[in-house]
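I have placed the structure first, in the form of structure tokens, so that the comments after it can refer back to it.
The values are calculated or read from the model by the stated rules, or taken from the named source; none is laboratory data. As the structure is a prediction and not an experimental result, all values here were calculated from the model. Ideal geometry is used to build each Cβ from the backbone, glycine not excepted, and the neighbour counts take in all protein chains shown.
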Amino acid sequence: MVKWSLAGAATLALAATAAQAADGKPIVIGIPIGLSGANSVVAPSVVQSAELAVEEINAKGGVLGRKLVLEVADDASGAAGAQKAFDSLIYQKKVDVLISMETSAARNAGLPAVTKGKVPYIYTSFYEGHSCNKNMFVDAWVPEQQVPPVVDAFKAQGAKTYFLIGSDYAFGRGMLGFAKSYVEKTGGKVLGEEYLPMDGSDWTAIISKLKEAKPDALITSTAGGAPNVTLTKQLRGAGVTLPFANLALDEGTAKSMGADAEGVYLSASYVTGIDSAENKAFLAAMQKKFGAELRTPNDLSVPEYEAIYLYKAAVEKAGGTETAKVLEALPTVSFTGPRGTITMSKQHHAPLTMYLGQIQKDGTVKVAGTFKDVDPGEQCPKLQ
């Protein structure tokens with residue numbers, strides 16, 4: 001009798017899974033992203049990475065026999081646009097999951113819809129940390145992983161005084177707040193800390209204050225993309241040559257900046273020069289798919305690619321797309337991709353190998369240091 005019950009339950013479970021696969025209904029991945037606004041410089045590379053992941057997975061039969069499809073919505077890189085994009089994807093497009101990099105302003109504006117709509121959300125952007133929601137997982141870096149390599153490198157070069165410049169919103173202030181505390185903790189001094197509105201483009205007054213302060217090193221944290229370009233161009237135009245690290249700079253944006261980016265330091269979980277079979281295969285596949293239209297893969301686009309594979313693994317372990325079961329599976333699955341093996345097992349965040357790099361004349365990144373499996377620290381202690 002017991003044997004019959006167990007077998008019957010197993011048969012029913014297999015039948016349910018088979019029926020789900022047989023109905024042909026695709027799994028819909030929503031990507032709210034800044035196709036306009038501050039993130040418009042880097043957003044196309046993120047979409048390209050997502051398109052490659054979906055193409056690869058579908059070519060091998062999809063997920064539990066179901067194809068993946070993408071729904072992309074422009075959040076304009078800000079709060080107002082994000083509310084519209086999240087609402088559209090969750091309530092109108094009925095997506096099964098949200099997987100995307102966004103500004104912190106956009107993420108924060110969209111989270112209420114994620115909670116109300118009861119969808120999983122994998123956030124693939126590096127950010128200021130400590131954003132906690134039971135439906136959200138993060139496969140990108142936080143300050144505890146990214147800032148120390150930069151400050152330690154400048155300290156080793158003899159820097160004792162610093163000037164901080166950022167965009168005036170959660171990410172800019174969060175990153176530079178952590179940088180300031182780490183500088184002071186390691187014996188340095190911050191001579192100035194200045195911010196420009198997120199959509200601002202004239203850094204002249206702030207650069208004047210920087211030059212008056214005469215620090216040993218400069219650390220910036222902007223809204224990424226366009227603000228990175230305008231700030232760096234104006235710094236170079238003003239003759240600023242001191243050691244300079246940009247906490248919001250990705251390799252793709254650096255290449256678009258040309259000679260202005262030469263010498264700038266960055267700290268990242270991904271650089272194109274990672275010497276692994278997985279990264280080489282990824283870069284070759286991206287080149288084959290997009291050719292001359294390829295946007296340089298970077299520390300914002302690669303986590304997107306890997307997150308889609310992490311979601312695939314979670315759905316397969318959960319036996320379907322039911323949110324509660326997927327959320328239970330997400331911290332237990334892993335994927336080995338361009339950045340190595342990624343698992344979001346630490347309070348909904350991921351230990352990551354970090355690279356300290358310096359931009360070269362041709363826009364490539366020369367790796368100056370590698371830091372294995374850096375822990376994200378206590379991000380969301382209530383979300384174990």
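When you check Thr332 against the structure, is it polar (S, T, N, Q) and modelled with pLDDT of 95 or more, yes or no?
Numbers: polar (S, T, N, Q): yes; modelled with pLDDT of 95 or more: yes.
For Thr332, the condition - polar (S, T, N, Q) and modelled with pLDDT of 95 or more - is met.
Here's a check for you: in region 348-368, which residue that is crowded, with 23+ Cβ neighbours inside 10 Å and of a type in the set (Val, Ile, Thr) is nearest to Thr124 (Cα to Cα)?
Val365
Restrict the check to region 89-104 and report whether at least one residue is of a type in the set (Gly, Ala, Ser) and in contact (Cβ under 8 Å) with a residue 60 or more places away in the chain.
Residues of region 89-104 that are of a type in the set (Gly, Ala, Ser), as a first pass: 100, 104.
So of that shortlist, the ones also in contact (Cβ under 8 Å) with a residue 60 or more places away in the chain come out as 100, 104.
Yes.
Could you tell me whether any residue of region 177-190 is closer than 23 Å to Gly37 by Cβ, in contact (Cβ under 8 Å) with a residue 12 or more places away in the chain and touching a strand residue (DSSP E or B) at 6+ places or on another chain (Cβ under 7 Å)? Don't jump to the end; show me each part of the working.
So in region 177-190, the residues closer than 23 Å to Gly37 by Cβ come out as none.
Taking every residue of region 177-190 in turn, none turns out to be closer than 23 Å to Gly37 by Cβ, in contact (Cβ under 8 Å) with a residue 12 or more places away in the chain and touching a strand residue (DSSP E or B) at 6+ places or on another chain (Cβ under 7 Å).
Out of curiosity, is Tyr127 out of contact with any Cys (no Cβ under 6 Å at 6 or more places or on another chain), assigned to a loop (DSSP other than H, G, I, E, B), crowded, with 21+ Cβ neighbours inside 10 Å and not basic (Lys, Arg)?
Considered against the rule, which asks whether it is out of contact with any Cys (no Cβ under 6 Å at 6 or more places or on another chain), assigned to a loop (DSSP other than H, G, I, E, B), crowded, with 21+ Cβ neighbours inside 10 Å and not basic (Lys, Arg), Tyr127 comes out as yes.
Out of everything in region 293-316 that is small (Gly, Ala, Ser) and surrounded by 24 or more Cβ atoms within 10 Å (Cβ to Cβ), what residue ends up being farthest from Tyr355 (Cα to Cα)?
Initially, region 293-316 is screened for residues small (Gly, Ala, Ser), giving 301, 307, 313-314.
If we keep only those that are surrounded by 24 or more Cβ atoms within 10 Å (Cβ to Cβ) as well, we get 301, 307, 314.
Details: Ser301: 16, Ala307: 20, Ala314: 28 Å.
Looking at the filtered set, the residue picked out is Ala314.
Would you please list the contacts, defined by Cβ atoms under 9 Å and residues six or more apart or on different chains, that run from a residue in region 310-321 that is among the charged types (D, E, K, R) to a residue that is at pLDDT 95 or above and assigned to a loop (DSSP other than H, G, I, E, B)?
Hits for this filter: Lys312/Gly62; Lys312/Val333; Glu316/Leu64; Glu316/Val333; Lys317/Val333.
With the condition being closer than 28 Å to Glu51 by Cβ, I'd like the helices (runs of 4 or more DSSP H) fully within region 204-299 carrying at least 1 qualifying residues.
On the way: elements: 204-213, 226-237, 251-256, 277-290.
Hits in region 204-299: 226-237, 251-256, 277-290.
Just to be sure, is Thr124 touching a residue at least 40 places away in the same chain (Cβ under 8 Å) and of a type in the set (Ser, Thr, Tyr)?
Working: touching a residue at least 40 places away in the same chain (Cβ under 8 Å): yes; of a type in the set (Ser, Thr, Tyr): yes.
It is true that Thr124 is touching a residue at least 40 places away in the same chain (Cβ under 8 Å) and of a type in the set (Ser, Thr, Tyr).
Quick check on Ala159: is it farther than 25 Å from Phe335 by Cβ and in a helix (DSSP H, G or I)? Show your work before the answer.
Working: farther than 25 Å from Phe335 by Cβ: yes; in a helix (DSSP H, G or I): no.
No, not satisfied.
Considering only region 27-68, state which residues are touching a residue at least 12 places away in the same chain (Cβ under 8 Å), surrounded by fewer than 16 Cβ atoms within 10 Å (Cβ to Cβ) and not in a helix (DSSP H, G or I).
Those that are touching a residue at least 12 places away in the same chain (Cβ under 8 Å), surrounded by fewer than 16 Cβ atoms within 10 Å (Cβ to Cβ) and not in a helix (DSSP H, G or I): Ser36, Gly65, Lys67.
Looking for whichever is under 21 Å from Val271 (Cβ atoms) and assigned to a helix (DSSP H, G or I) here; the options are Ala113, Ala153. Which one fits? Steps first, please.
Values: Ala113 fails: under 21 Å from Val271 (Cβ atoms).
Matching residue, one of Ala113, Ala153: Ala153.
Exactly one of these conditions fails for Ala38: (1) over 24 Å from Glu328 (Cβ atoms); (2) out of contact with any Asp or Glu (no Cβ under 6 Å at 6 or more places or on another chain); (3) at pLDDT 95 or above. Give me its number.
(3)
Could you look through region 152-171, keep only residues that are in contact (Cβ under 8 Å) with a residue 60 or more places away in the chain, under 26 Å from the mean Cα position of the chain (by Cα) and under 21 Å from Ile207 (Cα atoms), and pick out the one that is surrounded by the fewest Cβ atoms within 10 Å (Cβ to Cβ)? Walk me through how you get there before you give the answer.
Of all residues in region 152-171, those in contact (Cβ under 8 Å) with a residue 60 or more places away in the chain come to 153-154, 157, 159, 165, 167, 169-171.
If we keep only those that are under 26 Å from the mean Cα position of the chain (by Cα) too, we end up with 153-154, 165, 167, 169-171.
Filter once more, keeping what is under 21 Å from Ile207 (Cα atoms): 154, 165, 167, 169, 171.
Details: Phe154: 24, Ile165: 25, Ser167: 29, Tyr169: 22, Phe171: 26.
Here the residue is Tyr169.
In this structure, is Thr186 surrounded by fewer than 24 Cβ atoms within 10 Å (Cβ to Cβ) and at pLDDT 95 or above? Working first, answer last.
On the way: surrounded by fewer than 24 Cβ atoms within 10 Å (Cβ to Cβ): yes; at pLDDT 95 or above: yes.
So Thr186 fits the description; yes.
Take the residues of region 69-107 that are in a strand (DSSP E or B) and out of contact with any Phe, Trp or Tyr (no Cβ under 9 Å at 6 or more places or on another chain): which is surrounded by the most Cβ atoms within 10 Å (Cβ to Cβ)? Break it down into steps so the answer makes sense when it comes.
From region 69-107, those in a strand (DSSP E or B) are 69-74, 97-100; that's our starting set.
Next, from what is left, pick out any that are out of contact with any Phe, Trp or Tyr (no Cβ under 9 Å at 6 or more places or on another chain): 69-72, 74.
Working: Val69: 14, Leu70: 17, Glu71: 16, Val72: 18, Asp74: 20.
Among residues in region 69-107 that are in a strand (DSSP E or B) and out of contact with any Phe, Trp or Tyr (no Cβ under 9 Å at 6 or more places or on another chain), the one surrounded by the most Cβ atoms within 10 Å (Cβ to Cβ) is Asp74.
Find the strands (runs of 3 or more DSSP E) located wholly in region 316-379 whose residues include 3 or more that are outside the structural domain of Gly61 (by TED's automatic domain parsing), of a type outside the set (Gly, Ala, Ser) and in contact with a Pro (Cβ under 7 Å, 6 or more places away or on another chain), and list them. Quick ask: steps written out before the conclusion?
Details: elements: 335-337, 340-342, 352-359, 365-374.
Once the strands (runs of 3 or more DSSP E) in region 316-379 are filtered for at least 3 residues that are outside the structural domain of Gly61 (by TED's automatic domain parsing), of a type outside the set (Gly, Ala, Ser) and in contact with a Pro (Cβ under 7 Å, 6 or more places away or on another chain), what remains is 365-374.
Find the residue count for region 372-384, including only residues that are surrounded by fewer than 17 Cβ atoms within 10 Å (Cβ to Cβ) and touching a residue at least 24 places away in the same chain (Cβ under 8 Å).
Residues of region 372-384 surrounded by fewer than 17 Cβ atoms within 10 Å (Cβ to Cβ): 372-373, 375, 377-378, 381-384.
Still in the list and also touching a residue at least 24 places away in the same chain (Cβ under 8 Å): 375, 377-378, 381-384.
Residues in region 372-384 being surrounded by fewer than 17 Cβ atoms within 10 Å (Cβ to Cβ) and touching a residue at least 24 places away in the same chain (Cβ under 8 Å): 7 in total.
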